[in-house]
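Let me begin by presenting the structure, written as structure tokens, before commenting on it.
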Amino acid sequence: MHPSSKVIRTRVPRTDEMEHSTPMFLTSSFCFDNAEDMRAAFADETDDNIYSRFSNPNVQEFTDRMCALEGAEAGFATASGMSAIFGSFMALLKQGDHLLACSSIFGSTHTVISKFLPKYGIEYTYVEVDKPETWEAAIRPNTKMLYLETPTNPGLDIVDLELTGKLCKKHNIILNVDNCFATPVAQTPISFGADIVVHSATKWIDGQGRVLGGVVVGRKDLVKEIYTFCRSTGPTLSAFNAWVLSKSLETLDVRMERHSGNALFLARELEQHPALSWVKYPFLPSHPQYAIATKQMSNGGGIVCFELKGGLEAGRAFLDKLKMLSLTANLGDSRSIASHPASTTHAKLTEAERLATGITPGLIRISVGLEKKEDILEDILQALG
Ligand SMILES: *Cc1c(COP(=O)(O)O)cnc(C)c1O
């Protein structure tokens, strides 16, 4: 079966009620018929659920579905994308190890790497996303992991996964990829050599702005370490959120088809607009890494970025003129969202620091929703006009 069919048909066993749709298992713990069954479960001799911090049928179903989509051996679901990322670092890195990370990464991931990992004696080096030829020289004898996002947030830069996978194999380094922006229906990093894939399920996977969640999938031996760390420290996904996210996966493929179709339409329509100095979208031929994007992704995703010629003030004015698009911090929602990083998420940085992370003064990021494409375009055009 194609992964997009398999995900719909993967489910936990039916209860005695023979329900068609998976019910919610809102229970903190699970019962045993006798002392022997309970002993065997605690001894890991069976897969029986014991306690919902360790496992729960809804969480299991969501994880199994993510493994089906990503082509992964094993997985573990967490309360948020950040707990998935943090768990993957804490379980797989130790004092004295070195982490190589791409500098264009999600803000909180940046904070975890540069503020918290050093407290545990884990060293790090940032490499630049657009200079992959410099990465090999940054590898040290104690380099244990390479961490990256592709496409990046908010710059939409693309990392060549095949090249990176080969580099990591050559140096025996764990390749850990945040696949949040692409989603597994557009890109499967494991097929290019990634060992671990992390997700914020809060974004496109939920797709309707309702719940937070995260997931780690990948090599069985590595996921087992992450599972042990998370089972003991507690950032487990709730059964309710897992039920929501698992249902969402049934429509991920069809939703991303519409999101990415709308996004490509907008990018093409806006590319020549006189108020913009550039428009960036992975599947626009003008994108610097268009060839790599179209090689490793089956669609360009749902995010479009553009630069307003008027800079910072034009960015604020643009947000104020929008009538339909939402002004909110999330992305990957059925409703289109506009954000202006320079005056919001990245306002505390100096202009030089912002430029170093690709945040230009007039940068607008559009998370393209499921509304009719003409309506989204019309709102953007009137706000630019
Ligand atoms: C939002 C996001 C995260 C963090 O996910 P949460 O669910 O908010 O914890 C990590 N990576 C990327 C690329 C994101 O967009």
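Miscellaneous remarks
- Taking the DSSP beta bridges with both ends in the chain, the antiparallel portion is around 55 percent.
- Note on ASN172 and TYR120: with the Förster distance fixed at 22 Å, the Cβ-Cβ geometry gives a FRET efficiency of about 0.50.
- Per the Kirkwood formula applied to alpha carbons, the range 303-368 shows a radius of gyration over Rh ratio, Rg over Rh, of 0.95.
- Considering only GLU351, GLU133, GLU123, the Gaussian network model of the chain with Cα springs below 10 Å gives its largest mean-square fluctuation to GLU133.
- Span from the the range 328-373 Cα centroid across to the the range 185-230 one, whole angstrom: 24 Å
- Karplus-derived 3J(HN,Hα) values for the range 271-287, using 6.51 cos²θ - 1.76 cosθ + 1.60 with θ = phi - 60°, are 3, 9, 5, x, 7, 10, 8, 7, 10, 10, 7, x, 9, 8, x, 7, 5 Hz; glycine and proline are entered as x.
- Globularity ratio of the chain, using Cα Rg and 2.2 N^0.38 Å: 1.01
- Principal axes of the range 45-202: Cα extent on each, largest first, Å: 47, 35, 29
- Relative contact order [Cα under 8 Å, 6+ residues apart], the chain, whole percent: 17 percent
- Here the alpha carbons of the range 252-384 define both size measures, Rg and Dmax, at 14.2, 41 Å.
- Counting every other Cβ atom within 10 Å of each residue's Cβ, HIS20, HIS98 order from fewest to most as HIS20, HIS98.
- Per-residue extension of 0.36 nm, minus the Cα-Cα distance of THR344 and ARG268, leaves a gain of 24.7 nm for this segment.
- Scoring 153-161, 192-200, 288-296, 366-374 by mean Cβ neighbours within 10 Å over their residues and listing the highest first yields 192-200, 153-161, 366-374, 288-296.
- Share of pairwise Cα separations in the range 117-209, more than 15 Å, in percent: 62 percent
- Rounded to whole Å, the principal axis extents of the Cα atoms in the range 102-158 read 31, 26, 12, largest first.
- Protection proxy ranking, highest mean first, for peptides 224-232, 79-87, 21-29, 66-74: 79-87, 66-74, 224-232, 21-29, where packing is the per-residue count of other beta-carbon atoms within 10 Å, averaged.
- Paramagnetic reach from SER232 in the range 78-121 [backbone N under 11 Å; point 7 Å along Cα→Cβ]: 91
- Order of LYS348, LYS220 under a 10 Å beta carbon neighbour criterion, fewest first: LYS348, LYS220
- Backbone amide hydrogens, once placed in the peptide plane, bring THR143 within less than 5 Å of HIS98, excluding anything fewer than 5 places away on its chain.
- Extending 7 Å from Cα along the Cβ direction at ALA329 and again at THR134 yields two label points whose distance is 3.1 nm.
- An ellipsoid equivalent to the range 188-342, defined through the eigenvalues of its Cα gyration tensor, has semi-axes of 33, 20, 15 Å when rounded to whole angstrom and sorted largest first.
- Choice from ILE50, ILE364, ILE190 with maximal GNM fluctuation in the chain (Cα, 10 Å cutoff): ILE50
- Per-residue packing, averaged as other Cβ atoms within 10 Å, sorts the ranges 257-266, 3-12 into the order 257-266, 3-12, beginning with the highest.
Any read-out appearing in this document is the output of simple, stated calculations on the displayed coordinates, not a laboratory observation. All figures in this text were calculated on a predicted structure; none of them were measured in a lab. So basically every Cβ, Gly included, is an ideal-geometry build from the backbone, and we count neighbours across all protein chains shown.
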